[in-house]
Every structure is written in structure tokens, then in C-alpha cells.
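Asker: Before we start, here is the structure in question, set down as C-alpha cells.
The values are calculated or read from the model by the stated rules, or taken from the named source; none is laboratory data. All figures in this text were calculated on a predicted structure; none of them were measured in a lab. Every residue, glycine as well, gets a Cβ built from its backbone with ideal geometry; the counts of neighbours run over all protein chains shown. What goes into the accessible areas is simple: the full protein's heavy atoms, side chains included, and nothing from ligands, DNA or RNA. Shrake-Rupley method; radii C 1.70, N 1.55, O 1.52, S 1.80 Å.
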Amino acid sequence: MTPHHVVVGVDGSLNAVRALDWASDEAARRGAALRVVHAVPDRDEAGPVLASAAARVRQRHPALSVVTKAAAGGAVRALVRESEGADLTVVGTRGFGGVTGLLAGSVSLRLAAHVHGPLLVVRGDHPCDGERSVLLGLEGDSDAEAACYAFHEVERRGARLNVLHSSHRYVTPELPSLIPATSPGQRRRAQNDLAEEAVPRFNLAKLREEHPQVDVEARTVRRGPAQALLDATRESAVVVIGAHRRTSRPGPQVGPVGHTLLHRSHCPVALVPATG
């Protein structure tokens with residue numbers, strides 16, 4: 001197997017074709033090979049779908065190295081297995097209002113929870129080679145891998161990076177002070193605001209130094225991270241978030257932000273496993 005490669009799952013649907021296009025573009029930008037996987041009960045049935053996928057990739061990127069593989073069994077298990085050692089795993093969805101093909105029902109969440117390395121779920125109708133910016137949803141230090149991925153994605157695309165840090169905390173009501181901004185609660189709130197606004201700058205300082213050519217705009221919003229990011233995806237090429245996997249329930253679970261974006265994002269979603 002080629003050391004650097006991108007994996008994409010196909011199933012013959014139009015959604016898988018969009019994912020295939022994105023995956024081939026990602027592989028070309030990275031100088032990596034593309035591995036096309038079709039999961040079917042009988043491997044003999046995979047030939048036509050894989051041949052069509054390979055032909056489309058070679059037409060789009062003639063110099064790109066393409067390998068096809070028929071995998072017996074379910075799509076999730078096959079893609080989780082193939083994702084080990086891959087630079088990126090790519091799958092497609094139907095867009096707004098539901099999912100289909102490889103990601104029917106809860107399959108997208110199961111795949112996002114178990115896949116090795118970054119996962120790109122192709123949503124929305126933005127073109128692969130558009131000039132839109134990359135959006136990074138930043139929560140804290142545990143998103144270091146997601147931030148690093150976003151910076152490299154910006155460099156590969158020649159785009160700009162928009163960083164959104166969401167602050168959504170409960171503020172205890174208090175009686176207003178006769179002198180503006182002098183009550184203990186007001187002073188505490190002002191200090192918290194300054195600290196929160198510094199989070200993106202603090203976490204991105206090292207990456208800014210390592211990637212001085214990347215144009216970065218960071219901002220903090222006072223609302224829930226899921227809705228804030230969802231709104232920002234309308235004007236983004238791709239949104240990058242850390243995959244905070246939860247093990248409190250049977251089997252790992254992707255957090256609420258990832259859940260919302262996987263089902264409602266206006267652009268593709270890149271989930272990067274977080275260490276924390």
C-alpha cells in the first residue's frame with residue numbers, strides 16, 4: 001500500500017460520486033494515492049461500480065495513482081478497517097434533510113466514532129475547487145490536531161482560515177450597579193470575556209508562527225458552538241472540528257457539535273480525532 005493515501009467509500013450513488021470527486025481532489029492536493037472501496041455482500045458484484053469510479057478519477061486527475069478494492073460486509077466495518085494508516089477517509093451524504101447510501105441512518109455517526117484518522121463527510125453543494133475559506137471550530141487545547149489539520153488544509157487550498165470559538169456559559173443574574181461595570185458580577189464577566197476572546201489567539205499562536213503565510217481571522221461568539229458553526233458553514237468550503245469521542249455510553253459517541261454538523265452542515269465536515 002502507498003504510504004500516503006486517501007480512502008473513499010463508493011456505492012454507485014450520486015452522493016458517492018461527489019465524495020469521489022472530493023477525495024480525488026484531496027489526494028491530488030496532498031500528492032497521495034487514492035484508494036476506492038466498495039463494500040458489498042458479494043465481491044463479484046463490485047466490479048462495475050469500481051471500474052466506473054476509477055475511470056472518473058483518471059479523467060479528473062490523469063496522473064493520480066488509483067487503487068480499487070471490493071470489501072465484503074458492511075460499509076462501516078470496511079471503511080474503519082481501510083482507514084487505518086490513511087491520511088484521510090472520505091464518504092458522502094445526500095445533503096439536507098437526511099442521509100443515504102453509505103451513511104444511511106446512524107451509520108455516519110458510527111463511522112465518525114470509530115474511523116482511524118481524519119474523516120471527511122461530503123455535505124452541501126459547494127464545488128470541490130471553490131475559493132471559499134476553511135472554517136475551524138475551536139473549543140480548547142484538545143483541538144490541537146484539528147487546528148493543525150485546518151492550517152494544512154488552508155495551505156493546500158490556497159484559501160484563508162476562519163476560526164470560530166464559541167462561548168456559551170450561564171451568567172448568574174444580579175442587581176445592576178449604580179456605577180457602570182463596577183459590580184462584582186460585571187467585573188467578573190468582563191474578565192471572563194477577555195479570557196475567552198484570548199482562547200483562539202493563544203491556541204493558534206504556535207501555528208501562526210509555523211505558517212506565517214496563512215491568513216487567519218479568529219473570533220469568539222456568545223452562543224452555542226453547534227448553531228454558531230452551522231450558520232458559518234453557509235459560506236465555507238469545509239468545516240474542521242475535533243472529534244471528541246465519548247465513552248460514557250456503550251461504544252464511543254461523537255459529541256453534539258459533530259452530531260449537528262454531520263446532519264445539517266451546509267458544507268463538507270472534516271472530523272479530526274482529539275486526544276483529550
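Asker: What whole-number distance in Å separates the alpha-carbon centres of region 1-79 and region 112-166?
Answerer: Cα centroid to Cα centroid, the span is 22 Å.
Asker: Roughly to the nearest percent, how much of the accessible area of region 1-95 is carbon and sulfur, given a 1.4 Å probe?
Answerer: That share works out to 51 percent.
Asker: While we're looking at this one, here's another question. Normalised radius of gyration for region 1-69, please: alpha carbon Rg relative to 2.2 N^0.38 Å, two decimal places. Working shown, then result.
Answerer: On the way: Rg = 11.2 Å, N = 69, 2.2 N^0.38 = 11.0 Å.
Normalised by 2.2 N^0.38 Å, the Cα Rg of region 1-69 equals 1.02.
Asker: Oh, and also: At a 10 angstrom cut-off on C-beta neighbours, averaged per residue, how do the peptides 256-267, 70-81 rank from highest to lowest?
Answerer: Going from most to least packed, we get 256-267, 70-81.
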